C-alpha cells in the first residue's frame, strides 16, 4: 500500500500501529495496568475482528497480518472474536486484578528496551524510492513502487519482470496485481475482458498483467491466461511494496499515464482514444 508524503503518511501510521500492538502485548503480559488494559484490549480486538470480517466480505485471500505469508482472514476473524468474547466474560476478574509496583516497572522497562529501539529501526529502514528512470534502489531488501513519479519516464520495472521484451515497443495497459488482494480479484478479470474487446480494434493497446510475488497457484490466480492479455510477474528476487491493483499506460516503453478510480474502459478511452 502507498505510504504517502509528509509527516502523517500511511508508513508512519503503520509504524504507529506496530508499536501500539507491541505496547498492548507488553501490557497484557505484565498485567501492569489491568483497569486500562481491559477496555483497550476489548476495543482493539473488536476493531481487528471488524477489519478481518471486512476482508472476508471483500474477498481477500489473505488477512495481510503476516507479511508475505498468506493467512485466510477467516482464521484471524475467528481468533479476534474469540478473544473479544473471553475478555467480556472475564471482565470483572480482569478489572479487579491488582497491579503490583514490580509489574509496572517491568512494563516500563520493556517499553523502553523494545519499543524505542524498534521505532528507531522502523523509521530508519525506509522503503526503496525511485531515484532515476533507470534504477530502483532497495533498502533492507524492499522496493516501494510510486507510479505517480514514473509518468513521462521509461517504465522502471522493465528489467524486473518476465515479459519485459514485449513491453519495449507498442502501446500497453499494464496491470500490476496481487493475487491475495481483494481489490485485484475483480479488477484483473475486467482487464482480461477488455483485452478481448480490444483484440479486433486496429491500433488498440494490448493488456499486460504482472503479478507481484509471492505468486499464487493457478487456482488462486485471478488471471486466467486464456485471453489475449499477456500474463507475467515481477521478479521474485526482490521484495515489492505496492498498492494494488496498479494500472499504467505505456507507449514505446515510456509511462504516459496512471489510472485513478476510473474503470478499465474509461482509462483506455482517455489515454488511447480510438
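So residue 235 ticks every box in (1) free of Cβ contacts under 8 Å to residues at least 40 places away in the same chain; (2) surrounded by fewer than 16 Cβ atoms within 10 Å (Cβ to Cβ); (3) at negative phi but one. Which box is left unticked? The one condition residue 235 does not meet is (1).
For region 185-213, the candidate set comprises residues that are under 20 Å from the mean Cα position of the chain (by Cα) and outside any helix (DSSP H, G or I); within that set, the residue that is modelled with the lowest pLDDT is 213.
Name, by its number, the condition in (1) modelled with pLDDT under 70; (2) crowded, with 16+ Cβ neighbours inside 10 Å that does not hold for residue 70. Exception for residue 70: condition (1). One residue stands out in region 153-169 among those that are surrounded by fewer than 13 Cβ atoms within 10 Å (Cβ to Cβ) and either touching a strand residue (DSSP E or B) at 6+ places or on another chain (Cβ under 7 Å) or free of Cβ contacts under 8 Å to residues at least 24 places away in the same chain (or both): the one that is nearest to residue 230 (Cα to Cα), namely 165. Among residues of region 73-89 that are in the same structural domain as residue 51 (by TED's automatic domain parsing), those with a beta-carbon under 7 Å from a residue that is surrounded by fewer than 19 Cβ atoms within 10 Å (Cβ to Cβ) and outside any helix (DSSP H, G or I) at least six positions away or on a different chain give the pairs 76/65. The set of residues in region 245-262 that are modelled with pLDDT of 90 or more and more than 22 Å from residue 168 (Cβ to Cβ) contains only 245. Here region 170-184 is the region considered, the condition is being within 18 Å of the chain's Cα centre (by Cα) and assigned to a loop (DSSP other than H, G, I, E, B), and the residue that is surrounded by the fewest Cβ atoms within 10 Å (Cβ to Cβ) is 183.
The values are calculated or read from the model by the stated rules, or taken from the named source; none is laboratory data. Worth saying up front: this structure is predicted, and the values here are computed from it rather than measured. For neighbour counting, all protein chains shown are included, and Cβ atoms are generated from backbone atoms with ideal geometry for every residue, glycine included.
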